[in-house]
Amino acid sequence: MRELITLHVNGERREIAVAPHHTLLEVLREDLGLIGTRHGCELGECGACTVLIDGLPSLSCLVLPIEVQESEITTIEGVEANGQLHPLQETFAELGAAQCGYCTPGILLSGIALLRDHPQPTREQMKEALAGNLCRCTGYTKIYEAVEAAAGRMAERRDAQ
Amino acid sequence: MSKQHMLNKPETPASQPAYRVIGTPRPKVDAYAKVTGRALYADDIMLPRMVYGRLLRSPHPHARILSIDASRALALPGVLAVITGEDLPRKYGILPSSQDEYALAIEKVRYVGDPVAAVAALDPDILDEALKLIHVEYEVLPALMSIDEALAHPENKINDEARIGNIHKAVSYEFGEVEAGFAAADYVREDWFYYEGNNHAPMEEHACVASWEPNPADPVGGRLTLWSSTQTPHYVHRELSKVLNLPRSHVRVIAPNVGGGFGGKSDPFSHEICACELSRRIARPVKITCTREEVFLNHRGRHPVKMWIKTGVKRDGTLTAMHFRSFLDGGAYGSYGIATTYYTGALQTVTYKLPAYKFEGMRLFTNKPPCGPKRGHGTTQPRYAVEVHLDKIARDLGIDPVELRRRNLIEPYTRTVNGLRVTSCALGECLDAVVERSGWYDFHRGKSGLNGNAASEKTEHPAIRRGIGIAASSYICGAGKPIYWNDLPHSAVQIRLDRGGGVTVYCGATDIGQGSTSVLAYVVAEELGIEPEDIHLETADTTLTPVDLGSYSSRVTFMAGNAAIGAARRLKEQLFAVAAEHLRVPVERLQAGGGVIYDESDPGTTLPFVLAIELSEARFGALVSSGSYAPPEGISGNYKGSGVGPSPAYSYSTCVAQVAVDVETGEVNVEKLWLAHDVGQSINPLLVAGQVEGGAYMGYGEAVMEQQVFRKGRHKIPSLLDYKLPTTLDTPEIETILIEIPDREGPFGGKEAGQGPLNPVIPAIANAVYDATGARIDEVPITPDKVLKALKAASTATGAARPQVAPIQAPSPWPTRLVKWQPEALDGAQDMSDEHMQNADASSSIVMKGGQS
């Protein structure tokens, strides 16, 4: 049996009928077509399904949509605005931080939350913030470099304003 | 290029041109699709009327199937079709010599997870219910779960492909004068090692969508398209055609973005074949997405291998002979296993000069998920064993481990004792680089007299012991022979120019994250004088693109890169021909760059690229070209079995690892890895460094935590909750050093980077653990329990520590004919030509053909 719920995703109000036992991950991907949120383990271990719920990185495979109807949900599709990328997306692309790209949306969302809370994060803070996001391609090195470069770019843009 | 990765450019030949695109750090062509979530992977494909499929898998490691009753599942509302083994009765397998798999088991299941039935239903929730309603009656058979059990019970035959008992394949070779080599040695040492198996664990789980489109006007009945997360669309295409009994012209396989592979997506898989068959039956698209548990069951991962090595050396450390034996635990099916078996022996001669070498290998069937190729395919385990073994010899002789290696390095442009042609080789430069950068000698000086604790000046827990270890390795830049016997190109590229200035590049190469699509764009952009962003790319589509054999054996940059150069140069000839006339400049003076064709003596004289295309099209008609590549002949020995190991070039890597071991808890903390890699020429240094770092990371995981273990016939930990992968908190700092001495045959001098850099990491860590603690753990992964056991043995034993790896009683004689071969057999027949020749000689040995043994 499906149930009618309301979700606030990427600034849009969406009314949808969902199977109540389906996870937020399934609903985002299958019902809303937001395929940038990936799956890799079904257990909350890999971080590929990370989204922001009220700004906090959350594993959408462990969340039921019914619980988050009052919350603002941000997926990777909601990070860019009219084609304008977040600085972390720019530096990920420029510095080779995305190889196969499968874990990338989840890591970007964790990284964006980190940069919001710590505009100049140390390597230790990065490791702590990204510990829930597995990447099998990069060895994380290029990811740290991209976070550092984005921090610098964001600071420059703040100063310029 | 970030400052962390200083690029060494030891000597750039004066003749080498300056490149505009090649060698410059730049975003991958698909980088923006990936960072915005737009990139489509197989599971992201949703087609109209698409339904879902899933496999029912065996709960028993070894059992006879007595009956299957699917009637209750079929009666469930929403279930559209159920198929079993009898519906797909044709055998297949990636190697022509190991055709031992059915899409769904017939008569017998051979491991927990062996697929037995497949269901299509309207939605995934119904599939859960339907699978429970299929009743399979089994007669459970005894399961063999290890190399020793498989050898001990030949009467309990798991797989009919086995030649004798459960021995899938045995090989035996002797190169040079082995007995004389040992007789000439001042010192001989023997060791046993064990390397546990592990899974690739790419972040993307295998997934596919199959779509059968019926066409009554077509005698075949319709056409099939499969989108799949595969590294080898070409081989999947061939096997699908065979199993489904469809002409290849009616089957199209497309690899969309692939979320990592590392070798785990290189076989044709049951779920791919079943999705196709289900789609054909119901004439609707069918999607099958594997769960993480199923990824562990699909497996095809690192073979567990037990190894014995005996090596003779002179007093100064010069190698005189080596005898190497490998015993591979292959799991239930063949997969790439025959090639893996050869690879455990073939490349020992490519890192160090071995004047005499004997290799005996055997692969055994067990009741476990089939093993196959994982990054470093078959060479990772012996590299670990040999590098630790040599470290022991160095200690025994009182020689610095770096020095022992330096005295034995293979030299560029030579032949190995087993007949392999070695071209460019910067192993010595790699060794120098990691030794210098890691401060190897300072570390040892600082350590002397400090009882294994180099960091005693720091206030730190007294149980911490620091150590440093080194290792070297080599790897192929593409397999010299294709998987199935043929004389065709291994890689081909077509380019189409349109009069609007559009450039479209077509190639079967499959980007699994390593950046092969970007490499195509860089190469063509360099040649045509345009930007990579000007190029549209169509890849990994068996209908639309010319063949590339696949993303395995580190072959794509070398082979597709050379094919792309060929195709681009043909077009450039046409463009230059008209440009020369138009500009009234001799064609030899023309260059392409910055979107124009110009006179190099007078760079102001230019013809825009778009105009050149228009003029050429008017002259020659529509502009298309192709280029193709096959490795040269004459790069291997001329004995049976010489087809595994040859490659148009070899990459070289060295690694220094620094570890801190807690002798109270046994915990190994790898603090830093220095990795130097001989890549010939970076096509894009960012991507090369990314491959080196990824290889270092994966090697680190294999060295200290990743392992595939079984209990009562079942995978003990088939989830990412229990199967440990390195997170950001575990992964050591990695310092990458790229050594760039262009190879004569590589595209712009480039060589591989995807697999080689993993190999030295594991032995470097193992050697560092010994350096830190004085205890040898001759087994990976090096987990805390093993460290504590080894430390205890070392402290309680009066003499040497007990051997930790139980020897295997090798069958005597080795159960296959010994092939003896002398490198002199090649004299006069050698072809050291550096031209990119097509395969012209079909008579040389081809390993994968049926009837190999």
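The values are calculated or read from the model by the stated rules, or taken from the named source; none is laboratory data. Keep in mind that this is a model prediction, so the values were computed, not measured. So basically every Cβ, Gly included, is an ideal-geometry build from the backbone, and we count neighbours across all protein chains shown.
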Query raised in the report: Is it the case that residue B:746 is within 12 Å of chain A (Cβ to nearest Cβ) and in contact with a helix residue (DSSP H, G or I) (Cβ under 6 Å, 6 or more places away or on another chain)?
Result: no
Report task. Could you check, for the stretch A:37-44, whether at least one of its residues is more than 16 Å from the chain's Cα centre (by Cα) and over 23 Å from residue A:132 (Cβ atoms)? Result -> no
Query raised in the report: Within the stretch B:518-536, is there a residue that is crowded, with 21+ Cβ neighbours inside 10 Å, of a type in the set (S, T, N, Q) and either in a loop (DSSP other than H, G, I, E, B) or more than 30 Å from the chain's Cα centre (by Cα) (or both)?
Result: no
Requested in this report: Scan the stretch B:485-501 for residues that are modelled with pLDDT under 95 and within 17 Å of residue B:235 (Cα to Cα) and jot them down.
Outcome: B:485, B:486, B:487
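Return yes or no: is residue A:91 over 15 Å from residue A:133 (Cα atoms) and under 14 Å from the mean Cα position of the chain (by Cα)? Before you say what the answer is, go through the steps one by one.
Values: over 15 Å from residue A:133 (Cα atoms): yes; under 14 Å from the mean Cα position of the chain (by Cα): no.
When the stated conditions are applied, residue A:91 does not pass them.
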Requested in this report: Return yes or no: is residue A:73 more than 10 Å from every other protein chain (Cβ to nearest Cβ) and within 29 Å of residue B:721 (Cα to Cα)?
Outcome: yes
Query raised in the report: Which condition does residue A:96 not pass, out of (1) free of Cβ contacts under 8 Å to residues at least 40 places away in the same chain; (2) within 11 Å of another protein chain (Cβ to nearest Cβ); (3) in a loop (DSSP other than H, G, I, E, B), if it passes all the others?
Result: (1)
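Being in a strand (DSSP E or B) and either within 21 Å of the chain's Cα centre (by Cα) or without any contact (Cβ under 8 Å) to a residue 12 or more places away in the chain (or both) is the filter here; which residues of the stretch B:415-430 pass it?
Step one: list which residues in the stretch B:415-430 are in a strand (DSSP E or B), which gives B:415, B:421-422.
Of everything in the stretch B:415-430, those that are in a strand (DSSP E or B) and either within 21 Å of the chain's Cα centre (by Cα) or without any contact (Cβ under 8 Å) to a residue 12 or more places away in the chain (or both) turn out to be B:421, B:422.
Residue check: is residue B:834 within 27 Å of the chain's Cα centre (by Cα) and at pLDDT below 95? Working first, answer last.
Numbers: within 27 Å of the chain's Cα centre (by Cα): yes; at pLDDT below 95: yes.
Considered against the rule, which asks whether it is within 27 Å of the chain's Cα centre (by Cα) and at pLDDT below 95, residue B:834 comes out as yes.
Would you check if residue A:81 is of a type in the set (A, V, I, L, M), under 17 Å from the mean Cα position of the chain (by Cα) and facing chain B (nearest Cβ under 10 Å)? Before you say what the answer is, go through the steps one by one.
Values: of a type in the set (A, V, I, L, M): yes; under 17 Å from the mean Cα position of the chain (by Cα): yes; facing chain B (nearest Cβ under 10 Å): no.
No, not satisfied.
Could you please let me know if residue A:6 is touching a strand residue (DSSP E or B) at 6+ places or on another chain (Cβ under 7 Å), in contact (Cβ under 8 Å) with a residue 40 or more places away in the chain and within 12 Å of chain B (Cβ to nearest Cβ)? Quick ask: steps written out before the conclusion?
Numbers: touching a strand residue (DSSP E or B) at 6+ places or on another chain (Cβ under 7 Å): yes; in contact (Cβ under 8 Å) with a residue 40 or more places away in the chain: yes; within 12 Å of chain B (Cβ to nearest Cβ): no.
No: the conditions fail for residue A:6.
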Query raised in the report: Does residue B:55 satisfy the criteria of being away from chain A (no Cβ under 14 Å) and closer than 24 Å to residue B:368 by Cα?
Result: yes
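Can you tell me which residue within the stretch A:127-137, out of those that are surrounded by fewer than 23 Cβ atoms within 10 Å (Cβ to Cβ) and not in a loop (DSSP other than H, G, I, E, B), is nearest to the other protein chains (Cβ to nearest Cβ)? It would help to see each step written out before you state the result.
Step one: filter the stretch A:127-137 for residues surrounded by fewer than 23 Cβ atoms within 10 Å (Cβ to Cβ), giving A:127-129, A:131-132.
Applying the additional criterion that residues be not in a loop (DSSP other than H, G, I, E, B) yields A:127-129.
On the way: A:127: 4, A:128: 7, A:129: 8 Å.
So, considering only residues that are surrounded by fewer than 23 Cβ atoms within 10 Å (Cβ to Cβ) and not in a loop (DSSP other than H, G, I, E, B), the one nearest to the other protein chains (Cβ to nearest Cβ) is A:127.
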Report task. Name every residue in the stretch B:654-685 that is closer than 30 Å to residue B:423 by Cα and not aliphatic (A, V, I, L, M), in order of residue number. Result -> B:654, B:655, B:674, B:677, B:678, B:680, B:681, B:682, B:684, B:685
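Would you check if there is a residue in the stretch A:111-119 being in contact with a helix residue (DSSP H, G or I) (Cβ under 9 Å, 6 or more places away or on another chain), touching a residue at least 40 places away in the same chain (Cβ under 8 Å) and more than 9 Å from chain B (Cβ to nearest Cβ)? I'd like the intermediate steps shown before the answer.
Quick first cut of the stretch A:111-119, residues in contact with a helix residue (DSSP H, G or I) (Cβ under 9 Å, 6 or more places away or on another chain) only: A:111-115, A:117-119.
Imposing the further condition that a residue be touching a residue at least 40 places away in the same chain (Cβ under 8 Å) reduces the set to A:112-113.
Remaining after also requiring more than 9 Å from chain B (Cβ to nearest Cβ): A:112-113.
Yes.
Are any residues in the stretch B:35-49 facing chain A (nearest Cβ under 8 Å) and either over 17 Å from residue A:32 (Cα atoms) or in contact with a strand residue (DSSP E or B) (Cβ under 7 Å, 6 or more places away or on another chain) (or both), and if so, which ones?
Applying the first criterion (facing chain A (nearest Cβ under 8 Å)) to the stretch B:35-49 yields B:35-41, B:43-44, B:46.
Correct list: B:35, B:39, B:40, B:41, B:43.
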Report task. Determine, yes or no, whether residue B:312 is farther than 21 Å from residue B:266 by Cβ and among the small types (Gly, Ala, Ser). Result -> yes
Query raised in the report: Which residues, counting only those in the stretch B:325-382, are part of a helix (DSSP H, G or I) and of a type in the set (A, V, I, L, M, F, W, C)?
Result: B:338, B:339, B:346, B:350
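Give the residue that is nearest to the other protein chains (Cβ to nearest Cβ), with candidates limited to residues of the stretch B:725-736 that are in contact (Cβ under 8 Å) with a residue 40 or more places away in the chain and either surrounded by fewer than 24 Cβ atoms within 10 Å (Cβ to Cβ) or assigned to a helix (DSSP H, G or I) (or both).
Narrowing the stretch B:725-736 to residues in contact (Cβ under 8 Å) with a residue 40 or more places away in the chain: B:725, B:732-736.
Checking the rest, the ones that are also either surrounded by fewer than 24 Cβ atoms within 10 Å (Cβ to Cβ) or assigned to a helix (DSSP H, G or I) (or both) come to B:725, B:732-733, B:735.
Working: B:725: 6, B:732: 9, B:733: 8, B:735: 9 Å.
If we take residues in the stretch B:725-736 being in contact (Cβ under 8 Å) with a residue 40 or more places away in the chain and either surrounded by fewer than 24 Cβ atoms within 10 Å (Cβ to Cβ) or assigned to a helix (DSSP H, G or I) (or both), then B:725 is nearest to the other protein chains (Cβ to nearest Cβ).
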Query raised in the report: If you take the residues in the stretch B:685-721 that are in a loop (DSSP other than H, G, I, E, B), more than 7 Å from chain A (Cβ to nearest Cβ) and not basic (Lys, Arg), which one is farthest from residue B:749 (Cα to Cα)?
Result: B:713
Report summary line: Taking the stretch B:656-673 and the residues there that are away from chain A (no Cβ under 13 Å) and not aliphatic (A, V, I, L, M), the one that is farthest from residue B:761 (Cα to Cα) would be B:664
Report task. Go through the stretch B:184-241 and count every residue that is aliphatic (A, V, I, L, M) and farther than 19 Å from residue B:51 by Cα. Result -> 9
Query raised in the report: If you take the residues of the stretch A:40-57 that are surrounded by fewer than 24 Cβ atoms within 10 Å (Cβ to Cβ) and not aliphatic (A, V, I, L, M), which of them is farthest from the other protein chains (Cβ to nearest Cβ)?
Result: A:54
